[in-house]
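Working notes for the structure below.
The values are calculated or read from the model by the stated rules, or taken from the named source; none is laboratory data. Bear in mind the structure is a predicted one, so any value in this text is a computation, not a measurement. Cβ: placed from backbone, ideal geometry, glycine included. Neighbour counts: every protein chain shown. Ligands, DNA and RNA are stripped out before the accessible areas are found, and what is left, the full protein with its side chains, is counted by its heavy atoms. Shrake-Rupley method; radii C 1.70, N 1.55, O 1.52, S 1.80 Å.
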Amino acid sequence: MRKILGILFLISVMTSKQYAQEISQTIRGTVVDQESKFPLIGVTVQLSSSNEFIGTTTDIDGKFRLENVPVGRQSLKMTYIGYEDVELSDLILTSAKELILDITMFEGGVVLSEFKVKASQSGDVRNEMAVISSRSFNVEETNRYAGSRGDPGRMASNFAGVQGADDSRNDIIVRGNSPSGVLWRLEGVSIPNPNHFAIPGTTGGSVTILNNKYLANSDFYTGAFPAEFANSTAGVFDLRMRNGNNEKHEFNGQLGFLGTELSAEGPLSKNKKSSYLVNYRYSSLQLFSALNINVGTDAIPKYQDAAFRLNFPQKNGGNLAFWGIGGYSNIDIVLSTEKAPNEETLIYGSNDRDQYFGSNMAIGGISYNQPLNKNTFFKATLAASHQEVDANHDLIVRRVENDLYVIDSLPQILDYNFTERKIAAYVSLNKKLKNKGTLKVGLNTDLYFYSYLDSARVIQPSNELEPIGGWQVRWNAQEQAAMIQPYIQYKKKLNPDLVFTAGINSTIFTLNKNSISPIEPRLGLAYTLKKGKLSFGYGLHSQNLPGYLYFYGDQTENGQPEEYNRELGLSKSHQIVLGYDINIGKAMRFKSEIYYQHLFDQAVELETSSFSLINSGSGFSRFFPEPLQNTGIGRNYGLEVTLERFFQAGYYILFTGSVFDSKYQGSDQVWRNSSFNGRFATNAVFAKEIKFKSGSTFNFGGKVTYAGGRWYGPADEEASAEALEVIYQDELRNSIQFAPYFRLDAKLTYTINKPKVTHEIGIDFVNLTNTKNILTLTYAPDHPSGNPIQEEYQLGFLPIFYYKIDF
């Protein structure tokens, strides 16, 4: 730590003396109407962060260019007669890369107060139909928060009402809901879980496949979202890819703990303004292992991912893009090579077997959008995706002699391959109406192709003659189904201060007759105050189950699984939200929301029990449910507050807090805490930037998280010994709460701007105090203590270093 700080200080002293020539860069972009996406001609664009006047106006295509802008944090202000002013702050300009912006402006008859002039800065979303429980985020934000690691999921855990489910994964809990309720969308279509080491039925993983080097400003929703978002009951990530630079070639290289990567972008044709953008990342730990560098473990997580986007501008403001992302990961956890018992338990797997696990995902598509006239905008996307998870387990049959292990055998006990392929289509049409209204209609259609194969051997510790039984087929499905989701949404400005939105979504999942939700209404109201806003939102939302759960069952006499959950319907949720925003001075905002969610048609067991799928969706294990029915209910309610000081005068502060309650009923009709009912969560984030006259900057920051612990129950020791995993006493499920969760993170970065080259050195200190936060209980039959049921802890202290160069 001292050496790192010393190096950073030495570099800062040396570079701070090199300020004879101020380094500058270009800011350029396009300004369009928010709803019709039609280019706006003659918009005044001014650099508001400069004492000197630096400004221009947009041309016939809505484009603008500002040259010789000093590097560092800058702010832009856009004004246009008949439109609401827009001010973008906290824009990072470096010497190596041009800053290219896509800006939208709302048409309106009045000039907004300063609070709403800075709406883009404050995190308001691009979607014109969203009035509550929504926030935009940019690339800089995924790097700003200590501990976020450039990951959208981990970044979102800093927002009010959002918690991380597990330090070793990036699943998120939104307002007490299961992480499996989160929807990921890219370019308008739903995508498979975009994470490495993905487990069926989850929406997170250990390492994100997504990369902030190719993501554009995107939106995140936590409840009562607009009608175009369906098949989600918790939250939505609506992601966009940016276009490559269409005038000059730019390159990036990065070496760090999380990966070694290369990126490139530039023009395909300068005359036609077409561009390319490519990115590739390779696991650094895998690279170090290949170079015979000891990384402290033989279980090396191996992964690689890539992305591309080819963009071709069309006539009259249209655009055609070919894009894709994908990733591959695998890990071998081999415990049979251990020489002697130890007291450690695994976060990533079981303690009685060798495990070989791999996952991969890919999606590629074509997107086309076209302003048809000044009032109408058309967009369409066609994509195909693939996701696969493959695993094999070998049971370690061993004994201890003279304090050392002796291996008797390594019989295979598990072999499974789950593959989901999908063809997705999305079309939408935006129409601005003459009465200050906007109509949006669209259709999302997904065609699924399922392949689930799984066989396992029954382990019978109590049977000394035959402790390992024969093979049982648990999945053997080759199926297909379609999900059809038409929607219509209307927005009306009732007066200069009051906006009304209403919409309807329909969901039809063709796998069975019970998975139809014909009318899902959505409503929203936003009333503008002098310095703030009151808002209201309501929505009925539904979601199908993870695909593999429909086809699981006990093996029948003909050797095939029974598939007793195939007819399960959609889980549903009524959501109501009230919000209040207020501007405090010029650089601070306070935001609060209160919400209530009624969950119904939740999957619970046919036999009377405390089980509910509400408690699933995180961790590294699949679920093996008994016969289920859609009769469970739940409720979530809470209060969220956010106090945010925007990055100004060299520092940034964010405080978020939430108090909430999350309960459910199983088929025994007893109210219990859900597994995710932490009851409270707080985050405090701080970032400070020191700028040197050379244009270089030193940033340091920190994050403190304090939240209620997860819930569990007493273990059934006999059942656990028979199943070789922790089995909880059913009637006492979630009656005990783990200790509160505490984590302190810190981050240091130093950026050196040289002519046409930018260097960045950074280190992220995760869990700086090495706090042992309890995650869950695990079963370790050979634990030296003699007690096989042990506490499993979250990750300890982890320093994450990286070096990045742009040129």
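Could you grab me the full set of residues in the stretch 523-544 that are among the hydrophobic types (A, V, I, L, M, F, W, C) and assigned to a strand (DSSP E or B)? Result: L523, L525, A526, L534, F536, L540. The C-beta contact set for the stretch 247-270 (first residue among the aliphatic types (A, V, I, L, M), second residue assigned to a strand (DSSP E or B) and open to solvent by 70 Å² or more (accessible area, probe 1.4 Å), distance under 6 angstrom, 6+ apart or interchain) comprises L255/Y803; L262/Y280; A264/F251. If the condition is being open to solvent by less than 30 Å² (accessible area, probe 1.4 Å), of a type in the set (S, T, N, Q) and in a strand (DSSP E or B), then the stretch 251-286 contributes N252, S263, S274, S275, N279. If you go through the stretch 741-767 and keep only what is within 28 Å of the chain's Cα centre (by Cα) and either free of Cβ contacts under 8 Å to residues at least 40 places away in the same chain or at positive phi (or both), you end up with F742, N767.
For the stretch 119-134, the condition holds for at least one residue, the condition being that it is more than 23 Å from L258 (Cα to Cα), assigned to a helix (DSSP H, G or I), open to solvent by 30 Å² or more (accessible area, probe 1.4 Å) and modelled with pLDDT under 80. Confirm whether D238 is acidic (D, E), crowded, with 23+ Cβ neighbours inside 10 Å and either in contact with a strand residue (DSSP E or B) (Cβ under 6 Å, 6 or more places away or on another chain) or free of Cβ contacts under 8 Å to residues at least 40 places away in the same chain (or both). For D238, the condition - acidic (D, E), crowded, with 23+ Cβ neighbours inside 10 Å and either in contact with a strand residue (DSSP E or B) (Cβ under 6 Å, 6 or more places away or on another chain) or free of Cβ contacts under 8 Å to residues at least 40 places away in the same chain (or both) - is met.
Checked against the criterion of being in contact with a helix residue (DSSP H, G or I) (Cβ under 7 Å, 6 or more places away or on another chain), in a strand (DSSP E or B) and open to solvent by less than 10 Å² (accessible area, probe 1.4 Å), the stretch 148-168 has at least one qualifying residue.
If you scan the stretch 93-115, which residues turn out to be modelled with pLDDT under 90 and among the β-branched types (V, I, T)? If the condition is that a residue be modelled with pLDDT under 90 and among the β-branched types (V, I, T), then V110, V111 are the ones that fit. Pairing each residue of the stretch 335-362 that is of a type in the set (G, A, S) and modelled with pLDDT of 90 or more with any residue that is assigned to a loop (DSSP other than H, G, I, E, B) and open to solvent by 40 Å² or more (accessible area, probe 1.4 Å), provided the two are 6+ apart or on different chains, yields no C-beta distance under 7 Å.
What about I484, is it β-branched (V, I, T) and within 27 Å of Y595 (Cα to Cα)? For I484, the condition - β-branched (V, I, T) and within 27 Å of Y595 (Cα to Cα) - is not met. Within the stretch 556-596, the residues that satisfy the criterion of being crowded, with 19+ Cβ neighbours inside 10 Å and among the hydroxyl-bearing types (S, T, Y) are S571, S573, Y595. Of all the criteria given as (1) modelled with pLDDT of 90 or more; (2) within 30 Å of N392 (Cα to Cα); (3) open to solvent by less than 40 Å² (accessible area, probe 1.4 Å), the one not satisfied by E479 is (3). Could you say whether any residue in the stretch 696-716 is among the charged types (D, E, K, R) and assigned to a strand (DSSP E or B)? Yes, there is a match, as at least one residue in the stretch 696-716 is among the charged types (D, E, K, R) and assigned to a strand (DSSP E or B).
Output yes when any residue across the stretch 505-522 is aromatic (F, W, Y), surrounded by 18 or more Cβ atoms within 10 Å (Cβ to Cβ) and not in a strand (DSSP E or B), and no when none is. Looking through the stretch 505-522, none of the residues is aromatic (F, W, Y), surrounded by 18 or more Cβ atoms within 10 Å (Cβ to Cβ) and not in a strand (DSSP E or B).
When A739 is tested against (1) of a type in the set (A, V, I, L, M, F, W, C); (2) open to solvent by 50 Å² or more (accessible area, probe 1.4 Å); (3) outside any loop (DSSP other than H, G, I, E, B); (4) in contact with a Gly (Cβ under 9 Å, 6 or more places away or on another chain), exactly one condition is not met: (3).
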